[in-house]
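The values are calculated or read from the model by the stated rules, or taken from the named source; none is laboratory data. Just so it is clear, the model here is predicted, and its values are computed rather than measured. All Cβ positions, glycine included, derive from the backbone under ideal geometry; neighbour counts span all protein chains shown. SASA here: full protein model, heavy atoms, side chains in, ligands and nucleic acids out. Shrake-Rupley method; radii C 1.70, N 1.55, O 1.52, S 1.80 Å.
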Amino acid sequence: AFDGVYNVISEDGRAAPVEGAEVTASTFDILRVPPFLGRRLIAADEAIGAPAVVVLGHDLWESRFGSDPELVGRTIRVGGVQRTVVGVMPKEFLYPSLDHIWVPLQVSVLADEQREERMLRVFGRLADGISPEQAQAELTTVGRRMAADRPETHAQLRPEVVPFTIGINRLPKGGLRAVPEFYLFQSFALLMLLFPSINIGMLILVRTATRSNELAIRTALGASRMRIVLQLFMESLVLAVLAAGVGLLISGWAGSRIGASDGIVTGWTLDPDQA
């Protein structure tokens, strides 16, 4: 995928920049998300000289084109090119990075041979039964061949297989850079955990205070202070485990909504041993 900003001109003449991406047709096959209207990109769209087409995001379709169900098949201007709208994706589909428009990625073989193509983000899905370690071993072999064939451009690069997570990009020398959306999501998750934790703590404190008579009777019957503290601790532990289980279920559901956690992304990065 190659991210960019496209000036989209709607049928009424309004123009506005829209974040979008040039992607291969296999992108939609990997993500397994059906279109809301029309069709997705297909392999024929990638051929040099093929008719110019475009797939729109649901929000863009609503805000700029009035949710017109007859838009599919009509032509709009995208980045100075007249493109036929072939489909509209479902709401909240913003892959790979908050994008609202997708056009076919058309790669020139001649430009590739001359190493003139732009840097692309490559991603895929692991085959059944293949671990990330196995994929990394295969990709490392490919990287070594590329470095041997083109030492002037690939000697200090190495391909890596890393889990795909929306909002995180791997930097050279193994560093990580989180974009604002990632920090926002993490802050929201912490708040979601903080408030229930405070509430549960207050409930335990209030419940313990109302059990003063019970604790006094247990002490009079011979229960040691350690035994009483251990009982209170075990009750709190059970509540904490239950709360953690509910939190994990919620976070798992939220994670499945914001990204394909079982995908992988491959990229060429600087080798820290040679940089």
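Residue count for the stretch 1-56 under the criterion of being in contact with an Asp or Glu (Cβ under 7 Å, 6 or more places away or on another chain) and more than 18 Å from VAL107 (Cβ to Cβ): the result is 2. Among all positions in the stretch 91-104, there is no residue which is in a helix (DSSP H, G or I) and surrounded by 15 or more Cβ atoms within 10 Å (Cβ to Cβ). Pairs linking a residue in the stretch 13-29 that is open to solvent by less than 10 Å² (accessible area, probe 1.4 Å) to a residue that is part of a strand (DSSP E or B) and charged (D, E, K, R), with Cβ atoms under 7 Å and 6 or more positions apart or on different chains, are ALA21/ASP3.
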